[in-house]
1. Restrict the check to region 74-81 and report whether at least one residue is assigned to a helix (DSSP H, G or I) and either closer than 30 Å to residue 126 by Cα or modelled with pLDDT of 95 or more (or both).
2. Can you pull out the residues in region 106-117 that are out of contact with any helix residue (DSSP H, G or I) (no Cβ under 7 Å at 6 or more places or on another chain) and modelled with pLDDT under 90?
3. Check whether at least one residue in region 35-43 is assigned to a helix (DSSP H, G or I), at pLDDT 95 or above and within 18 Å of the chain's Cα centre (by Cα), and report yes or no.
């Protein structure tokens with residue numbers, strides 16, 4: 001393997017140390033930890049083996065850190081259609097689940113995904129089906 005020919009600024013280690021103390025996301029913390037080991041002088045292959053990372057991913061993060069700083073360690077936007085269901089919609093669904101279904105015209109005293117989707121269909125905003133409601137509830141509850 002070729003040696004890494006990147007030069008990091010003098011404040012790279014203190015920057016990574018403060019970033020590691022401040023970050024809450026586990027994936028970004030792991031990336032910063034791996035990049036910190038490389039900046040300290042460890043070889044890419046050694047760090048990738050020790051932290052169970054792929055060599056190419058670690059190399060990509062090290063190059064991003066060298067060019068963009070700690071912002072380069074964050075996830076890039078993913079391609080594809082943006083999600084229909086927003087955070088506000090999920091919160092609204094969770095508030096609705098905590099209410100009594102009989103107040104919303106249901107014939108039953110417990111919510112079903114189909115009944116929740118029917119109640120949400122009468123409100124303006126995102127129109128979703130039973131399966132979307134089920135997925136959101138599975139994720140949040």
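The values are calculated or read from the model by the stated rules, or taken from the named source; none is laboratory data. All figures in this text were calculated on a predicted structure; none of them were measured in a lab. Positions of Cβ are backbone-derived with ideal geometry, glycine not excepted, and every protein chain shown enters the neighbour counts.
1. Within region 74-81, not a single residue is assigned to a helix (DSSP H, G or I) and either closer than 30 Å to residue 126 by Cα or modelled with pLDDT of 95 or more (or both).
2. Filtering region 106-117 down to residues out of contact with any helix residue (DSSP H, G or I) (no Cβ under 7 Å at 6 or more places or on another chain) leaves 107, 112.
Residue satisfying the conditions is 107 alone.
3. no
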